[in-house]
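To start, the structure itself, in structure tokens.
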Amino acid sequence: MIVGVFSMKDDFRLKEIEELARNSGYLIVNKVIQIRKTPHTSYLIGPGKLQELKDSLRKYGIKTVIFANELKPGQYFRLQRDLGLEVDILDRVLLILNVFDKRASTSEAKLQIELARLRYTLPWARELVRLKGFGSEKMGFGSLGGYPYKAYLSFARRRIKIIEEKLESMKKKQEKTVFQRKKINLPIVALAGYTQSGKTTLFNLLTKEGKVTGLGPFTTLETCARRVNAHGRSFIVVDSLGFIDEMPQLILDAFHATLVELRLADLIVLLIDASDAPSTIDRKLKGSLSIISEIGGDKPLIIAINKMDLIGDSRLENSVRLAKSLAPSCDLVPISAKKNVNVDFLLKKIVEKLSMQSS
């Protein structure tokens, strides 16, 4: 069951949460959507919609409810109390972390995901402990298994400290690796952009790698760096974590070691999906520029308008015009990473930018 509270009928977050749910392996049986200016303080949804949700759970025998919004600890408790302990409640952040879990293949990524989940669910657990008589023996909170709530609180605090220390050590090693690259005069070019914008496809094309693509959102969780030689210049190309709308801060914090490549890069190539609707391009480009500014600061930036093979000339011109209006000082290069169209021109622009920095 998908549940969402939006200020307008056609909200992009509904489509996002449906895609994330399907990529997590869920079958969406029904949706309860409420349009209101502000979420209900106690339950996120109003009393009428809460009753509609309860009726649907009984009718369809649903065991998992996924909220397209982020839940506050008090809202989570009241919903869990009213819907019953047998119902698994996830909100947008926990669903994103579930997708991450399925994609993680390195110990670093797994630690980052565990840290984010622990930090996020700790206030939820506190709320359930504080309210006596409910859920004191519910097991498996936060997918950790075997922990009543009180024991979970103690475990979570110890575990958070251990993971933070491990990730800090990993971060220092990664920064050392990046600085060693710079010592041998190998500049770093980081690929950035929304999830499924084509970053990994472009990375594979430039580096002759065979990284997996097409699995859905967040196929790439760990950075992958490879040396590229083009137009008389050598540099390192890095594939990085994809962005999403309203990127939760705890994910930015937990994946600092992964996103550090953006901060230490000499040049960022930002990919935009040209096949998106103009309103979506506008939203995603603004979101990407904001995240890059927060993480990477004032870095040289090239915007690669990808998937030009999927649209006609007029739509491409409109996409270029829109991108130029939002980022007037950036070079814009339309490409198709999948079809290898105009990618050599992008490489020339990259080399040109890097040469300007070194001169």
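The values are calculated or read from the model by the stated rules, or taken from the named source; none is laboratory data. These numbers were taken from a predicted model, which means no experiment stands behind them. FYI the Cβ positions are ideal-geometry reconstructions off the backbone, even for glycines, and counts take in every protein chain you see.
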Those residues of the range 22-58 which are at pLDDT below 90, touching a Leu at 6+ places or on another chain (Cβ under 9 Å) and not in a loop (DSSP other than H, G, I, E, B) amount to 23
Which residues, taken from the range 27-52, are farther than 9 Å from residue 5 by Cβ, surrounded by 15 or more Cβ atoms within 10 Å (Cβ to Cβ) and over 28 Å from the mean Cα position of the chain (by Cα)?
-> 50, 52
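This table checks each residue for (1) within 24 Å of residue 209 (Cβ to Cβ); (2) crowded, with 20+ Cβ neighbours inside 10 Å; (3) assigned by TED's automatic domain parsing to the domain that holds residue 227.
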position: 262; (1), (2), (3): yes, yes, yes
position: 289; (1), (2), (3): no, no, yes
position: 303; (1), (2), (3): yes, yes, yes
position: 321; (1), (2), (3): no, no, yes
position: 339; (1), (2), (3): yes, no, yes
Does the range 310-324 contain any residue that is under 27 Å from residue 187 (Cβ atoms), modelled with pLDDT of 85 or more and of a type outside the set (Lys, Arg)?
-> yes
Please give the number of the condition residue 342 fails out of (1) on the phi > 0 side of the Ramachandran plot; (2) under 18 Å from the mean Cα position of the chain (by Cα).
-> (2)
Are any residues in the range 59-71 outside any helix (DSSP H, G or I) and of a type in the set (Lys, Arg), and if so, which ones?
-> 63
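In the range 188-205, which residue that is of a type in the set (Gly, Ala, Ser) and assigned to a strand (DSSP E or B) is farthest from the chain's Cα centre (by Cα)?
Filtering the range 188-205 for residues of a type in the set (Gly, Ala, Ser) gives 190, 192-193, 197-198.
Those left that are additionally assigned to a strand (DSSP E or B): 190, 192-193.
Numbers: 190: 16, 192: 12, 193: 10 Å.
Only one residue fits best here, namely 190.
Being in contact with a helix residue (DSSP H, G or I) (Cβ under 9 Å, 6 or more places away or on another chain) and either basic (Lys, Arg) or at negative phi (or both) is the filter here; which residues of the range 9-25 pass it? Outline the logic, then answer.
Applying the first criterion (in contact with a helix residue (DSSP H, G or I) (Cβ under 9 Å, 6 or more places away or on another chain)) to the range 9-25 yields 12-13, 16-17, 20-21, 23-25.
Scanning the range 9-25 gives 12, 13, 16, 17, 20, 21, 23, 24.
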Before we move on, is residue 115 more than 23 Å from residue 13 (Cα to Cα), assigned to a helix (DSSP H, G or I) and of a type outside the set (Lys, Arg)?
-> yes
Note on the range 99-126: residues surrounded by 16 or more Cβ atoms within 10 Å (Cβ to Cβ), at pLDDT 80 or above and over 17 Å from residue 242 (Cα atoms) are 111, 114, 115, 117, 118, 119, 120, 121, 122
